[in-house]
1. Going by the conditions given, is PHE190 modelled with pLDDT under 90, surrounded by fewer than 23 Cβ atoms within 10 Å (Cβ to Cβ), in the same structural domain as GLY120 (by TED's automatic domain parsing) and not in a loop (DSSP other than H, G, I, E, B)?
2. Just checking, how many residues over segment 217-227 are assigned to a helix (DSSP H, G or I) and of a type in the set (Asp, Glu)?
3. Residue under question is ALA210, and the condition is that it be modelled with pLDDT of 90 or more, closer than 24 Å to SER157 by Cα and of a type outside the set (Asp, Glu); does it hold?
4. Can you confirm whether LEU144 is over 22 Å from ILE204 (Cα atoms), outside any helix (DSSP H, G or I) and of a type in the set (A, V, I, L, M)?
5. Among the numbered conditions (1) within 17 Å of CYS163 (Cα to Cα); (2) buried (at least 24 other Cβ atoms within 10 Å of the Cβ), tell me where PHE78 comes up short.
6. Only one of these conditions is not met by ARG211: (1) touching a residue at least 12 places away in the same chain (Cβ under 8 Å); (2) closer than 30 Å to MET36 by Cα. Which number is it?
7. Hey, among LEU243, LEU257, LEU214, LEU247, which residue is exposed (fewer than 15 other Cβ atoms within 10 Å of the Cβ) and assigned to a strand (DSSP E or B)?
8. Given the criteria touching a helix residue (DSSP H, G or I) at 6+ places or on another chain (Cβ under 6 Å), crowded, with 20+ Cβ neighbours inside 10 Å, without any contact (Cβ under 8 Å) to a residue 24 or more places away in the chain and not aromatic (Phe, Trp, Tyr), does GLU98 qualify?
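The values are calculated or read from the model by the stated rules, or taken from the named source; none is laboratory data. None of the values given here were measured: they were computed from a predicted structure. Ideal geometry is used to build each Cβ from the backbone, glycine not excepted, and the neighbour counts take in all protein chains shown.
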Amino acid sequence: MSSHGSKKVIYAALAGNFAIAATKFGASLWTGSSAMLSESIHSLVDTVNQGLLLLGLKRAARPADSRHPFGHGIEIYFWAFVVALMIFALGGALSIYEGIHKLTGHQGLENVWVNFAVLGASMLIEGYSFHVAWKELRRQYPELSAWTAVKRSKDPSVFAVLCEDAAALSGLLVALICLALATILEEPAFDAIGSIGIGVVLIIAAAFLARETLSLLTGEAASRDVVDEARSILLADPRVQRLDEFLTMHLGPNDILAAVSIDFDDSLSSPDVERAAIELSAALRNAIPPLTRVYLRPIPPKTENAAPTLAGAAL
């Protein structure tokens, strides 16, 4: 997934959440709605989160150096994990606290129509932001189901925004229903219940996002499709007898390391093995661009337990 596409998704969410947060805060102060205040906090946290993801993209793009020979791509996963923590602590927990506090206060609502107008406008803006993120995700995985595409994506700058927007739309729906009940039944407690419901939605979203980013942060392997394609390319070469270890790890959304133990044909000379390793590394890079670093380790002939040697190229 291109950096341009990822930034487009984040900028769309940043602009939308900033406008929504300011509008919601004004509406919550005017009407005294607990659910609207929770939505305001949620939108403010989301705005900060977009800034963190932009920071993560910038830092992840730094070139490799002596302390980080494989580059800094994995740092985007760290910032996505921070985003999940902020959604949990500043979004979910504060919303639940605000709802419980208002349950004991029994404060009435004023100018309720303002809340409904703001919620309607927020749904339109959040819907557009969700559409941008969804379109980018589908561009990458056009044939997969929605759930599978989100699980398959390794770019948190897209799936984190999509997760946030889905939680935002769900929270807006909860707020709308609870405010309607509070107005129709003239029972302010439903407004507080709406705040608690929004908090629960945010905590669920944060837990899902944390789980996905933690897996990537701790060295998640490439997808099965990538591994199968790479194995097919290697085994199709007549110089390759079999593959032993085939290890992969994501160093970034489009940066995969692969380390493969290969049993070459015993009739090949040492120069032939070296040439085969270079050619096979290039073939993998051309067929699967995210495989940026490929290490091929020939298994010594007949004595497979001998000390390993390295023949290959880091691409």
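1. When the stated conditions are applied, PHE190 passes them.
2. Total meeting the criteria: 1.
3. yes
4. Yes; evaluated as a whole, the condition is true for this residue.
5. It fails just one condition, (2).
6. (1)
7. So the residue among LEU243, LEU257, LEU214, LEU247 that is exposed (fewer than 15 other Cβ atoms within 10 Å of the Cβ) and assigned to a strand (DSSP E or B) is LEU247.
8. So GLU98 does not fit the description; no.
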